[in-house]
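The values are calculated or read from the model by the stated rules, or taken from the named source; none is laboratory data. If you're wondering where the values come from, they're calculated on a predicted model, not measured in any experiment. FYI the Cβ positions are ideal-geometry reconstructions off the backbone, even for glycines, and counts take in every protein chain you see. Just the protein is used for accessible areas: all its heavy atoms, side chains included, with ligands, DNA and RNA removed. Shrake-Rupley method; radii C 1.70, N 1.55, O 1.52, S 1.80 Å.
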Amino acid sequence: MRRVLILGGTAEARALAAELAGELAGGGTHVVSSLAGRVTNPRLPVGEVREGGFGGPDGLAAWLTAERIDAVVDATHPFAARMTASAAEASARTGVPLLILRRPGWRESPDDAWRRVASLEEAAARLADMPVERVFLTTGRRSLPVFTGLSGVWLLARSVDPPDAPVPANVQVLLDRGPYTVEGERSLILEHRLDVLVTKDSGGEMTVAKLLAARELGLPVIMVDRPPPPPGVRAVDSVAVAAAWAQG
C-alpha cells in the first residue's frame, strides 16, 4: 500500500487528506497528516494524524525511512519556511519525492493601496515611516516581537491563540478564528479607527475579507510577500493535481 505524508493543518492539507482518503476505500493509499501542534484545538483532517515536530531535517528523514513513506506533500502555511526547508532537505537525503501544495496568493486590484515588503522587519520599518497611529496587525502571534520597537502607534493584533512574550506594550490582542466577513471586518476597522492593515500574503478565502474591507474604506495595506520555495522542488496550487501526484 502506498504511504503518503501530508505536512500541515491548512484547509488545503485537509482537503487533500479527504480526497486521498476517498481513494483509500480502494486500498491504494494510506495517508498520515502531520500537524505542528502550534494551534489549540486545530481542525483535524480525516485519516491518521501525527502531532508535534520531527526534530528538524534529520528527524524527518529518519521518520520517512522508518515509516516507509513513498511521497510527501508539503501543504503547510505559505510562511512556514523552516518546515518547508526541512522537508526539502529530508527529501533530498532519502530520495522520497516531495511536492509543495500552496494556495494562490492574493492579487491586488487597481482600487487597492498595497505596499509590498519582503519581511516582517521591513513591514515594521515601513510603519515607522508612515503617518499612522492605529494599526491592524494580522501577521500571526509569533510576529509580535518584531513590532515591539514601534513608538507612537497603537496595535490591534488578531490571532487564534494568545501570543508569547514579549509583546509590544501598546498592543491589544484580539483572539478570533476565521472565516471572517467583509461586514465584520469593516465594523472592526471603523470601531477601532484603524489607519493601516499589516498582513502576510497567505492567500485563500478564509481571511480575504479584511482586504476587501480595506479596499472599501480606502485603507492602505502593508503586504508581506511569501518566502520563495526551495530550488528544484515542484509547487502546485491545486488539491486535485496534488492528489493525482500523491497517488502516482
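Scanning the range 153-182 for residues that are touching a helix residue (DSSP H, G or I) at 6+ places or on another chain (Cβ under 8 Å) and either of a type in the set (Ser, Thr, Tyr) or free of Cβ contacts under 8 Å to residues at least 12 places away in the same chain (or both) yields SER159, TYR180, THR181. Taking ARG115, is it within 26 Å of ASP176 (Cα to Cα), among the charged types (D, E, K, R), within 19 Å of the chain's Cα centre (by Cα) and open to solvent by 30 Å² or more (accessible area, probe 1.4 Å)? Against the criterion (within 26 Å of ASP176 (Cα to Cα), among the charged types (D, E, K, R), within 19 Å of the chain's Cα centre (by Cα) and open to solvent by 30 Å² or more (accessible area, probe 1.4 Å)), ARG115 does not qualify. Taken over the range 172-192, residues that are open to solvent by 80 Å² or more (accessible area, probe 1.4 Å) and more than 25 Å from PRO42 (Cα to Cα) amount to 3.
LEU137: under 20 Å from the mean Cα position of the chain (by Cα) and open to solvent by less than 50 Å² (accessible area, probe 1.4 Å), yes or no?
Working: under 20 Å from the mean Cα position of the chain (by Cα): yes; open to solvent by less than 50 Å² (accessible area, probe 1.4 Å): yes.
Spelling it out, LEU137 is indeed under 20 Å from the mean Cα position of the chain (by Cα) and open to solvent by less than 50 Å² (accessible area, probe 1.4 Å).
For ALA80, the test of being under 23 Å from PRO227 (Cα atoms), out of contact with any Phe, Trp or Tyr (no Cβ under 9 Å at 6 or more places or on another chain), open to solvent by 50 Å² or more (accessible area, probe 1.4 Å) and at pLDDT below 95 is failed. Total residues in the range 209-248 satisfying the condition of being open to solvent by 30 Å² or more (accessible area, probe 1.4 Å) and either under 13 Å from TRP106 (Cα atoms) or part of a helix (DSSP H, G or I) (or both): the figure is 12.
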